[in-house]
Structure formats: structure tokens, C-alpha cells
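Chemist: Got a structure for you, questions after.
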Amino acid sequence: MATLVERLTNMLEPAVAAAGFELIGVEFIRSKQSTLRVYIDHEEGITVDNCADVSHQVSAVLDVEDPINTEYFLEVSSPGMERPFFKAAHFEQFIGEEAAVQLNVALENRRKFTAVITAVEDNVIVFTIGEDSFKVPMSAIKKAHLVPKFD
């Protein structure tokens with residue numbers, strides 16, 4: 001059975017695409033005031049008005065489907081400078097860049113690390129820290145995002 005985030009992603013992707021945007025990913029943060037965060041992107045960038053338009057589209061789908069059985073806030077956002085990675089293809093777009101990664105379980109005594117993305121092989125991401133390279137399957141990645149560079 002698919003997780004809630006997978007179901008939400010599949011449910012919301014057509015509505016986001018119909019509005020002319022790419023669905024980057026979905027996060028559902030359970031807390032006292034739960035939040036459903038929907039990340040969208042477009043080759044020309046994202047404006048506040050774009051987020052509002054997509055929010056209306058997504059709200060309509062969520063009202064009909066009612067997939068979440070608790071109160072939550074809906075946030076529609078651009079990926080921002082610390083762009084989150086949800087798919088192997090997201091890592092592939094940023095080969096040569098640094099990513100901050102959190103794993104589900106420790107790998108080579110590391111659960112959290114910052115490393116350069118050096119390759120993507122199927123659903124396996126190759127990272128480099130200094131002279132050391134190591135492979136991490138997408139299924140082992142809990143959370144990852146781009147580390148912005150300021151020159």
C-alpha cells in the first residue's frame with residue numbers, strides 16, 4: 001500500500017500540471033498543527049500569484065478526495081535556494097553540487113552528511129566527500145536538499 005505522501009503526490013500531480021507547473025514534491029508534517037507542503041516549479045520561476053493559483057487547484061482536489069483525516073495547513077511553495085530532492089532525477093539535475101543528506105539508517109557510520117553529488121545510477125546516488133565516494137539507494141534517503149552557494 002502506498003504511503004500518504006505517495007498517494008498525495010499521485011493525486012495532486014495532474015492538478016499542478018494542469019495549472020502549468022511541475023510538482024517537485026509533497027511533504028506532510030504531522031504535529032499539533034499539521035502542514036501539507038506542496039513544492040512547485042516552472043522554468044520561468046515561481047511567483048506568489050503562481051502559488052495562490054496552484055493552492056486553489058490543489059484545495060479543490062483535496063476537498064473532493066479528502067485523503068487526510070486530520071486538520072492541516074496547506075502551503076504551496078517554490079523549492080527555494082535549499083531545493084529539496086524527492087526523486088533520483090532531482091539529484092541528476094545537480095550533479096557537481098553539494099547536498100545535505102539525512103538517511104533513514106546510518107551508512108558507513110553516517111546518518112547525516114554534506115557531500116557532492118557525483119553521479120546517479122538508476123535509483124542510486126553517488127556522493128563524494130573529499131576523496132571518498134559512496135553509493136546511497138534512494139530508498140535509504142530520508143531527506144535531502146541542495147546546499148546553496150554564495151559567491
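Chemist: Could you tell me whether V64 is surrounded by fewer than 16 Cβ atoms within 10 Å (Cβ to Cβ), free of Cβ contacts under 8 Å to residues at least 24 places away in the same chain and either closer than 23 Å to V147 by Cβ or aliphatic (A, V, I, L, M) (or both)? Even if it seems obvious, please write down each step before you answer.
Modeler: Values: surrounded by fewer than 16 Cβ atoms within 10 Å (Cβ to Cβ): yes; free of Cβ contacts under 8 Å to residues at least 24 places away in the same chain: yes; either closer than 23 Å to V147 by Cβ or aliphatic (A, V, I, L, M) (or both): yes.
Yes.
Chemist: Another question about this same structure. Counting just the residues of segment 4-58 that are under 17 Å from F85 (Cβ atoms) and of a type in the set (S, T, Y), which one comes out surrounded by the fewest Cβ atoms within 10 Å (Cβ to Cβ)?
Modeler: Of everything passing the filter in segment 4-58, T9 is surrounded by the fewest Cβ atoms within 10 Å (Cβ to Cβ).
Chemist: Sort through E131, E98 and tell me the only one that's surrounded by 13 or more Cβ atoms within 10 Å (Cβ to Cβ) and either within 30 Å of S31 (Cα to Cα) or not hydroxyl-bearing (S, T, Y) (or both). Spell out how you get there, then give the answer.
Modeler: Numbers: E131 fails: surrounded by 13 or more Cβ atoms within 10 Å (Cβ to Cβ).
Step by step, each of E131, E98 is checked, and only E98 is surrounded by 13 or more Cβ atoms within 10 Å (Cβ to Cβ) and either within 30 Å of S31 (Cα to Cα) or not hydroxyl-bearing (S, T, Y) (or both).
Chemist: Conditions: (1) touching a strand residue (DSSP E or B) at 6+ places or on another chain (Cβ under 8 Å); (2) free of Cβ contacts under 8 Å to residues at least 12 places away in the same chain. N69 meets all but one. Number of the miss?
Modeler: Every listed condition holds for N69 apart from (1).
Coordinate-derived values only; no laboratory data. Because the structure is a prediction, the values reported are computed rather than measured. Positions of Cβ are generated from backbone atoms using ideal geometry, with glycine treated the same way; all protein chains shown enter the neighbour counts.
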